[in-house]
1. Which condition number does L22 fail, the rest of (1) at negative phi; (2) under 20 Å from the mean Cα position of the chain (by Cα) being met?
2. Quick one: in the range 22-80, which of the residues that are of a type in the set (K, R) and assigned to a loop (DSSP other than H, G, I, E, B) is modelled with the lowest pLDDT?
3. Considering only residues of the range 40-56 that are touching a helix residue (DSSP H, G or I) at 6+ places or on another chain (Cβ under 6 Å) and more than 14 Å from R17 (Cα to Cα), which is surrounded by the fewest Cβ atoms within 10 Å (Cβ to Cβ)?
4. Looking at L21, L28 in this structure, which one is open to solvent by less than 50 Å² (accessible area, probe 1.4 Å), under 28 Å from G6 (Cα atoms) and aliphatic (A, V, I, L, M)?
Amino acid sequence: MPRLKGSADLLEDRRKRTLALLDSGESLDEVGPGIGCDPSSVMPWRDARRKGGAKALRVRFSPGRPLKLGRRQRRLVDLLLQGPMMNG
């Protein structure tokens, strides 16, 4: 299952709700599908909370793939996309 899209606050809130269900006595197999994720996704959240508390549930920034073009090359692409009339 792919990661849900949304703000960091939305994803963090989802993790907290999931763990609240676990705390109320539901099993991983009940909680996962009920919240819309795989039980194997819930286990790392549970373990992270045990080790680091609520702070460990925060969503971290994912920078994505590194850029292949340097700053000067990206500037050239921007100029080319503007067209010949804009650049004389």
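1. For L22, the exception is condition (2).
2. Per the criteria, the residue is R60.
3. A56
4. Within the list L21, L28, the selection yields L28.
The values are calculated or read from the model by the stated rules, or taken from the named source; none is laboratory data. All figures in this text were calculated on a predicted structure; none of them were measured in a lab. Here Cβ is always computed from backbone atoms with ideal geometry, including for glycine, and neighbour counts include all displayed protein chains. Heads up: the accessible areas ignore ligands, DNA and RNA and are worked out on the full protein's heavy atoms, side chains in. Shrake-Rupley method; radii C 1.70, N 1.55, O 1.52, S 1.80 Å.
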